[in-house]
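Novice: Sharing a structure, written as structure tokens. Questions coming.
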Amino acid sequence: MAGTPNIGLSSKQRSDIAAGLNKVLADSYALYLKTHGYHWNVRGPNFQSLHVLLEGQYTEEWTALDAIAERIRALGELAPQGYAAFGNLSSIKDGDPEKDWEGMLAELKTDNETVIATLRAAFPAADDAGDEATADLLTQRLQAHEKHAWMIRATLGVK
């Protein structure tokens, strides 16, 4: 087929790598939506600092979504799109705007840890194929979500 990318990876390797990235994209998008929603709805005596913390996180997450989807496309696969597709792929559930700030942050901590696990699960396909570009993207995202989880833990007053 004339449209098949010739990037040094077999069709199966590209498909396997993209499958992991699809899950990363879905979990990342769900986390972005929840973080942004909690940014809007957080309340309490430390509102301003939480509002700013969450804005920084959702802004960083939003930018990363495009890089993840573009990597899937560079592999010659189609990126999932739409709420139903993401909902079928994601392990992250919608947030509850009625939660107090501590409940919101505890949930975001857990959800960042879910994305971290999803990222780690995507590594073997990229590593086995020698796909350094995907491994680099996964490493960057892993660092970002580990930092987000740390910031949230510190805000909650835990290690």
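Values quoted throughout were computed directly from the atomic coordinates according to the rules given, and no laboratory measurement underlies them. All values reported here derive from a predicted model rather than from experimental measurement. As a convention, Cβ positions derive from the backbone with ideal geometry for all residues, glycine included, and neighbour counts pool all protein chains shown.
Novice: Can you grab the distance from the C-alpha centre of the stretch 80-98 to the C-alpha centre of the stretch 7-76, Å, no decimals?
Specialist: Answer, in whole Å: 12.
Novice: Also, quick follow-up: How high is the relative contact order of the chain, in percent, counting Cα pairs under 8 Å that sit 6 or more residues apart?
Specialist: Relative contact order for the chain comes out at 32 percent.
Novice: Using +1 on the beta carbon of Lys and Arg, -1 on that of Asp and Glu, and nothing else charged, what's the dipole of the chain about the Cα centre, debye to 20?
Specialist: About 80 debye.
Novice: Can I ask one more? In debye, nearest 20, what is the charge dipole magnitude of the stretch 1-69 about its Cα centre with +1 on Lys and Arg Cβ and -1 on Asp and Glu Cβ, if you could check? Provide the component values of the computation, followed by the final result.
Specialist: Values: 5 positive and 6 negative charges, 40 e Å.
For the stretch 1-69, the charge dipole is close to 200 debye.
Novice: Quick check: net charge around Ala18, other residues with Cβ under 11 Å of its Cβ, Lys/Arg +1 and Asp/Glu -1?
Specialist: Combined, the nearby Lys, Arg, Asp and Glu give +2.
Novice: A follow-up question, please. To the nearest µm²/s, what D does Stokes-Einstein give for the chain at 10 °C and 1.306 mPa s, using the Kirkwood radius over alpha carbon pairs as Rh?
Specialist: My calculation gives 98 µm²/s for D.
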